[in-house]
Amino acid sequence: MKDGFISVAVATPEVEVANCIKNAAVTVQLVEEAAARGVKLLVLPELGLTAYTCGDLFLQPTLLRGAEAALAAVLDATRGKELLVAVGLPVAVQQTLYNCAAILHNGKILGVVPKVHVPNYSEFYEKRHFAPAPAETLEIVLCGQTVPFGAKLLFACRELPDFVLGVEICEDLWVPDPPSNRLALAGATVIANLSASNEVLCKAPYRRQLVAGQSARLSAAYLYACAGDGESTTDLVFSGHDLIAENGTVLAEQRFETGLIATEIDVSRLVQERRRMQNFPAHASGFETVFFSWHLTKTPLTRPISPMPFVPDDPEHRAATCEEILTLAAWGLKKRLKHTGAKTAVLGLSGGLDSTLALLITARAFDLLGRGHREILAVTMPCFGTTDRTLQNALTLAERLGAFIRTVSIGETVKRHFMDIGQSMDDHDVTFENGQARERTQVLMDLANKHGGLVIGTGDLSELALGWATYNGDHMSMYGVNGSIPKTLVRHLVDYAAHETKDAALTQVLLDILDTPVSPELLPAVDGDIAQKTEDLVGPYTLHDFFLYYAIRWAFPPSKVYRLAQYALGDQFDNATIFHWLQTFYRRFFAQQFKRSCLPDGPKVGTVTLSPRGDWRMPSDAVRALWQEDLKHCQAGEARP
C-alpha cells in the first residue's frame, strides 16, 4: 500500500442455485486465494451466496437461514486476514427483504449495504421479492453481530486515509443518478458493485463503457463483480463479466470465466486528481463512516504502466491520436494567422524533429485557410555546427511541402558579434552556443517584420520542462505550435506523417530526419558529423517524458516516480541511470522555470502543458529542497518493484 497502491480483486464463483452450503465453500476458496495473493479488497457478485436466479425461493425462510449460515462461514474465513470482502446475500429486516452486500473484515461484519434501485422491467422482477434501501441507516443483528445497515455507509482505512470504499449493487449503476455519485461526493475513492447483469447482444461493450465512464466521472476506482456460471439459464445467460477500472481506464477484465482477477489501484492518484479538479466537497451530510485497519506494506506492481505515457500503445489508437494532434495544432495556428492577418508564417528549419513537426503543422494550417504553401517562409540558417545531412534534409523537406525556402548563413554575423563582446572562437562555452541561437531568432523576427508574417515556434514540451532552450533565442516566437507536445510524441507524429503521405521523396526525408540524432548543432561538426547530441547532455527523452508525466500531470513525489520508472523502464535502463536522470530532471525543472514564465502563446493539445497562462503556474524562484529530500529515500541500486 506504499505510494497508494492497493491490490484488489473481483471474482465470479461457480454457484449452484439455492445451494448455500456449496456457494459458501467456493466463496471461501476465493477468499483464501485472494488472501494468499496479497489482495486487500475482494468484491463478489450480487446474491452470490444464494445465486441471483432463485426466484420465489427468496421468500422461503429456509433459503434466508441458509444464506446467513453461508455468510457466517465466509466471515469465519476472513479471521486473521486483513482482506476486505464484499459478498452478496438476501437479508430480512423485520418484515422486509433486501438485496444486500455485506462488508467483512477480519471476522467482523463492518456493515450491510442494501440495493437502492430495485429493477422491475423486461427480464427483471426484483420488486416481487426485494424492497429498495431505506432512507436512514439502521442497526441490525446478523450472524450474532450488531452492524450498521444502509445505503449511506462508507468504509475507510485508518492507516490509509485515501482509501474509502462505497458500495452499490447492479441496477444502481444503470440509473440516471447512481448512488456512487453521492458516495464519491461523500469521500469514496473506491466503488464496489456486486452485480448479476445478464447477457444480451451488445450489452457487454456498453457495460464496459458504463463502468469505465463512471470511474472517470468520479475520479474513482470501480470494481464490478458479475454473476456467471451456475446461475439458472431458464431464460437468461450470465457471463461473469468482471471489470476493474480506474479513472476511466479498464485495468483488468474477464468474461465467460470463473475465478478471480486482480490488479492494483492507486488511491493516492485518485485523491490527487480530485484535489486538482476541486469538484469534491470536504464533507457530505447523512453518511456514516465505518473504520477498519490495515498494516501498510509495499504492494508489488503488476498493473500495466506504459513506458511512454504520452504515446498510445495500440497502433490504431496511436495513429488516430497523431491525426487529432496535428489537426488541433493546425487549427490553433489557423486562428492566429487569420486573426493577425499575417501574410506569411516564418519558421527556422534545421532538419531536426521539432522544426519538421512545426512545418508539417504550419502546412496543415495553410490548407485549412485555403492558402498555398508558397506563402510559408522556411528559413535555413547554417552555422558552425550545421552538418550537410541536416541542411539537405531541411531543404528537401521544405521543397516537398512546397514552402518558399530562404537560406541565411549566419556564421560571419555571429563571428562579428563575438568580436564585439570579446568572445573567443576557441571558447565553445554557453555564450558560443547561445549566440548562434539568438542570432537565428533575430533573423526570423526581422524576416517576419519584413514580410508581414508570424514567427512559428518549434520548441517542444520536453525541452520546456528541462529548460533546454536559449532564453530569447529558440525559446521565443510569436506562436509556439509544439509547446504542449513531448519529444517522444514528436517522433511518432513525424513517423505518422511519413507513412501517411503518398509522396515517396517526402517519406524518405522524414524517415531520415527520424534517424538523425537530436541535436541543437551549436558546436562545430567533427568530420562532418554531429558533435553535440542532446540526450548525451540532458538525458534520454524516454525517461524525461516519463518523469514529466508522473511528476507534473499526477504530482507524484520523486520516490514514487522513481519506483514507477523502475517498473516500466527497468528493461531499458538500470536503476543508477534512472536515478541519475531523475535528479537531473528535478534540478533543471526548478532552475529553468523563469523560461516557462514568459512563453509565447500556443495550443494545448494534450493533458500536460507548461503554459504560465494555463495548467502550470509556479514561481521562478521556488526551491526544490523538499523534492531533493524525498529523492534521498530512493536507492539507485534497489531491486525493481
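The values are calculated or read from the model by the stated rules, or taken from the named source; none is laboratory data. None of these values were measured; they are calculated from a predicted model. Methodologically, a virtual Cβ is constructed for each residue, glycine included, from the backbone with ideal geometry; neighbour enumeration extends over all protein chains shown. What goes into the accessible areas is simple: the full protein's heavy atoms, side chains included, and nothing from ligands, DNA or RNA. Shrake-Rupley method; radii C 1.70, N 1.55, O 1.52, S 1.80 Å.
The angle between the Cα long axis of helix 267-277 and the longest principal axis of the Cα atoms of the chain comes to about 60 degrees, rounded to the nearest 10. These residues, Val623, Val271, go from largest to smallest accessible area, 1.4 Å probe, as Val623, Val271. 3J(HN,Hα) along region 168-173, derived from phi through the Karplus expression 6.51 cos²θ - 1.76 cosθ + 1.60 where θ = phi - 60°, amounts to 9, 10, 6, 3, 3, 6 Hz, with x in place of Gly and Pro. In the frame of its principal axes, region 303-437 has Cα extents of 53, 47, 28 Å, reported largest first.
Between the listed residues Tyr222, Val39, Ala622, the Cα displaced farthest toward the positive end of the dipole of the chain, a dipole computed from Cβ unit charges relative to the Cα centre, is found at Ala622.
Every pair of different Cα atoms in region 148-293 enters the Kirkwood calculation, which places the hydrodynamic radius at 15.8 Å. Ligands, DNA and RNA are left out, and with a 1.4 angstrom probe the accessible area of region 244-386 is 46 Å² per residue.
Other residues lying with their Cβ under 13 Å from the Cβ of Glu323 contribute a combined charge of -2, Lys and Arg counting +1, Asp and Glu -1. For Ser285, the accessible surface of its heavy atoms amounts to roughly 100 Å² (probe 1.4 Å, protein chains only, rounded to the nearest 10). When +1 charges are put on Lys and Arg Cβ atoms and -1 charges on Asp and Glu Cβ atoms, the dipole computed for region 485-641 relative to its Cα centre reaches about 880 debye. For Lys338, the lysines whose Cα falls under 27 Å of its own Cα, not counting residues fewer than eight places away in the same chain, are Lys450, Lys604.
The local environment of Phe292, defined by Cβ-Cβ distances under 15 Å, has a net charge of +1 under the rule Lys, Arg +1 and Asp, Glu -1. Pair-distance distribution P(r) for region 247-342, from all Cα-Cα distances in 10 Å bins starting at 0: 10, 21, 29, 22, 12, 5, 1 percent.
The residues Arg274, Arg255, sorted by heavy-atom accessible surface at 1.4 Å with ligands and nucleic acids left out, run Arg255, Arg274 from largest to smallest. Multiplying the residue separation of Val237 and Thr249 by 0.36 nm and subtracting their alpha-carbon distance yields 1.7 nm.
Annotation: Asp515 carries an accessible surface of approximately 110 Å², with a 1.4 Å probe and no ligand, DNA or RNA atoms counted. The charge dipole of the chain, taken about its Cα centre with unit charges on the Cβ atoms of Lys, Arg (+1), Asp and Glu (-1) only, comes to about 1640 debye. Each residue of region 34-51 is assigned a 3J(HN,Hα), and the resulting list reads 4, 4, 5, 8, x, 5, 9, 9, 10, 10, 10, x, 4, 6, x, 7, 10, 5 Hz, derived from the Karplus form 6.51 cos²θ - 1.76 cosθ + 1.60 (θ = phi - 60°), x at Gly and Pro. Amide H contacts of Thr501 (H built 1.01 Å from N, in plane; Pro and chain starts excluded): no residue 5 or more places away or on another chain comes under 5 Å. On the principal axes of its alpha-carbon atoms, region 418-484 has extents of 35, 32, 12 Å, going from largest to smallest. When the alpha carbon gyration tensor of the chain is reduced to an equivalent ellipsoid, its three semi-axes come out at 59, 25, 20 angstrom, largest first. Under Stokes-Einstein, with the Kirkwood radius over Cα pairs as Rh, the value for region 249-298 at 20 °C and 1.002 mPa s is 143 µm²/s.
Average accessible surface for region 50-132: 39 Å² per residue, computed with a 1.4 Å probe over protein heavy atoms with every protein chain in place. Ignoring aspartates and glutamates fewer than eight residues from Lys127 along the same chain, the ones with Cα atoms less than 12 angstrom from its Cα are Asp56.
Share of pairwise Cα-Cα distances greater than 15 Å in region 110-155 is 50 percent (whole percent).
Of the beta bridges in the chain, as assigned by DSSP with both residues counted there, near 55 percent are antiparallel.
Here Lys502 is the anchor, and the aspartates and glutamates within straight C-alpha reach of less than 18 Å, apart from those fewer than 8 places off in the same chain, are Glu323, Asp367, Glu399, Asp512. Apolar share of the accessible surface for the chain: 51 percent from carbon plus sulfur atoms, 1.4 Å probe.
Computed over neighbours whose Cβ is under 11 Å from that of Val608, the net charge equals 0, Lys and Arg +1, Asp and Glu -1.
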